[in-house]
1. For each of 22, 7, count neighbouring Cβ atoms within 10 Å of the residue's Cβ, then give the residues from fewest to most.
2. In nanometres, what is the gap between the two model label sites at residue 40 and residue 10, each 7 Å from Cα along Cα-to-Cβ?
3. Restricting to Cα pairs below 8 Å that are 6+ residues apart, what does the relative contact order work out to for region 6-107? Please round to a whole percent.
4. I need the calculated FRET efficiency for the pair residue 17 and residue 144, taking r as the beta carbon distance and R₀ as 25 Å, to the nearest 0.05.
5. If you take the beta carbon distance between residue 67 and residue 151 as r and set R0 to 35 Å, what does 1/(1 + (r/R0)^6) give as a FRET efficiency, to the nearest 0.05?
6. Based on the alpha-carbon gyration tensor of region 6-107, what equivalent-ellipsoid semi-axes (square roots of 5 times the eigenvalues) come out, in whole Å, largest first?
7. Sorting 1, 18 on the 10 Å Cβ count, fewest up front, what's the list?
8. Give me the extension gain from residue 30 to residue 81: residue separation times 0.36 nm, minus the current Cα-Cα distance, reported in nm with one decimal.
């Protein structure tokens, strides 16, 4: 990154864990797009409500050659408890997805897959109905509940192997026709990013 990242907080007391999550996000962001010029990060609690737990908004302003990308991870629609680290991680995942799409467009690569691809659910937000798939080629692709046929979104878990196709939806690349290859992923019902990477590459 050509310019030192700017990190700001509003109504939030930063912690070492939050700062560590931001640094990890920045490292992965640069691996997705090595020509990032600058990045500004804002972590805020728009409506402090200590009695029932706070919800976080994370905004990233990313500058790359010829383009400025603004990514805003807003609080969940449902009033639920969440951690700042979760909000930060999801914001960086959204940013990485958009940066990859932008690089694909610049490289002139086709944005729609003609045949089903395979991958594994990398992260999942049940409350908001979306997640990310890691393809067998290592790319992370966003998907929404509406892209999972036959109401099978609830069968997905972190680590679940899936097949899917890539399509352009509202100008962005998404995984659609997402179907689990087995009835259930991980039996512990955990949510997050698994430690292991996908194994052998292939579609």
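1. On the way: 22 24, 7 16.
Least crowded to most crowded, the residues run 7, 22.
2. It is 1.1 nm.
3. Details: 156 pairs, mean separation 29.0, N = 102.
Answer for region 6-107 is 28 percent.
4. Values: r = 29 Å, r/R0 = 1.15.
It comes to 0.30.
5. Values: r = 37 Å, r/R0 = 1.07.
After rounding to 0.05, the efficiency reads 0.40.
6. Details: eigenvalues 138, 36, 24 Å².
The three semi-axes for region 6-107 are 26, 13, 11 Å.
7. Working: 1 15, 18 20.
Starting with the residue having the fewest Cβ neighbours, the order is 1, 18.
8. On the way: separation 51, 0.36 × 51 = 18.36 nm, distance 3.01 nm.
Contour length minus the Cα-Cα distance gives 15.4 nm.
Just so you know, all these numbers are worked out from the coordinates, no wet-lab data involved. If you're wondering where the values come from, they're calculated on a predicted model, not measured in any experiment. Because the Cβ atoms are built from the backbone with ideal geometry, glycine has one as well, and the counts that use them run over all protein chains shown.
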